[in-house]
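What follows is one structure encoded as structure tokens, with my remarks underneath.
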Amino acid sequence: MNKHEVEEETRKHIDTVRNLLDKVRRELADRALAHDQSKLHSPEREIFEVYTEKLKGCTYGSDEYKQFLKEMEPALEHHYFKNRHHPEHFNLQVADDFEYHERGKKNTICCMNLIDIIEMICDWYAATKRHADGDIMKSIEINQKRFGYGDELKQIFTNTIEALKDGE
């Protein structure tokens with residue numbers, strides 16, 4: 001290839017990456033507008049009206065928190081079904097041969113795409129701000145056990161939170 005052809009190929013590559021990043025940006029913008037809208041409608045709205053304040057006063061991952069989740073099950077099942085940024089969204093949709101972690105739970109995060117994961121970590125971070133004793137780093141630790149993701153993804157979540165905190 002001559003100098004002109006190399007430059008032309010480089011420009012095509014730059015344009016392709018720019019277009020792909022723009023597609024990701026548009027998808028994230030759409031997600032930002034649609035995030036958790038299902039909570040504003042039945043059957044979720046009525047249950048979240050009762051439990052939002054209760055959840056605010058409890059510690060994430062505690063026995064009390066887990067009990068509230070059980071009591072909220074009808075709303076949560078609907079919510080997870082409608083919102084793919086929750087690993088639980090994929091519980092009924094994963095193949096039997098998907099990766100399992102040591103406790104025998106399916107690692108449904110591996111069914112997600114990066115856009116789902118970006119929305120998920122932003123959701124987790126925002127949720128910690130609603131709890132009186134919320135701590136995103138503790139939540140990442142708890143969720144590693146809950147969802148079975150590895151140390152590499154845990155570190156990526158931590159790095160992402162640090163980047164998000166820079167903007168606060």
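The values are calculated or read from the model by the stated rules, or taken from the named source; none is laboratory data. Bear in mind that the values here come from a model prediction, so they are computed numbers and not experimental data. Glycine also receives a Cβ, built like all others from the backbone with ideal geometry; neighbour counts cover every protein chain displayed.
What the table below lists for this structure:
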quantity	calculated
Test for Lys56: is it of a type in the set (Lys, Arg), at pLDDT below 95 and closer than 30 Å to Asp133 by Cβ	yes
Residue ID - nearest to His86 (Cα to Cα), chosen from residues in the range 145-161 that are at pLDDT below 95 and in a helix (DSSP H, G or I)	Phe147
Whichever residue in the range 110-134 is touching a residue at least 40 places away in the same chain (Cβ under 8 Å) and outside any helix (DSSP H, G or I) and, among such residues, is surrounded by the fewest Cβ atoms within 10 Å (Cβ to Cβ)	Ala132
